[in-house]
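The values are calculated or read from the model by the stated rules, or taken from the named source; none is laboratory data. Since the structure is predicted, the reported quantities are computational estimates derived from the model, not experimental observations. Quick reminder, even Gly has a Cβ in these numbers, built from the backbone with ideal geometry, and neighbours come from all protein chains shown. When the accessible area is computed, the model is the full protein with side chains, heavy atoms only, and any ligands, DNA or RNA have been set aside. Shrake-Rupley method; radii C 1.70, N 1.55, O 1.52, S 1.80 Å.
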Amino acid sequence: MTMLAEQVDGVIGVDPHRDTLAAAAVSPIGAVLSATDAPANARGYRLLLEFARQHIPGRRCWALEGIGSYGAGLASFLDQAGERVVEVCRPKRPAGGSGLAQAL
């Protein structure tokens with residue numbers, strides 16, 4: 001089985017929110033190359049694509065949370081631009097609040 005790291009030069013990870021998109025360009029070995037944020041609208045989608053082209057000009061993949069909700073518009077935009085997009089699941093949060101609150 002081929003690993004994603006062997007198929008791309010980097011990944012753009014995106015955490016979409018209602019009004020903003022937080023993104024990071026990550027190397028195949030997991031090093032964060034750069035991070036940015038953009039508005040969650042057509043202008044922001046174009047800014048993120050330019051960010052990706054600047055930091056990972058070769059083969060890249062987009063890893064998005066919430067393709068069925070806050071990430072839907074960006075996923076559609078990237079698909080139309082011919083970009084490779086995969087959905088990632090949000091990490092499970094601890095029950096009963098944050099881990100720090102539970103530790104105290």
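Note on Gln7 and Glu87: their simple-model spin labels are 1.7 nm apart, each label 7 Å out from Cα toward Cβ. Of all DSSP beta bridges confined to the chain, the antiparallel ones make up roughly 60%. The helix-only estimate of mean residue ellipticity at 222 nm for the chain, built from DSSP H runs of length n ≥ 4 each weighted as -39500 (n - 2.57), is -8000 deg cm²/dmol after division by the residue total.
Axis angle, to the nearest 10 degrees, between helix 42-55 and the longest C-alpha principal axis of the chain: 80 degrees.
Within the accessible area of region 1-74, the carbon and sulfur atoms contribute 55%, probe 1.4 Å, all protein chains present.
Each residue of region 13-71 gets 73 Å³ once the volume of the Cα convex hull is shared out per residue.
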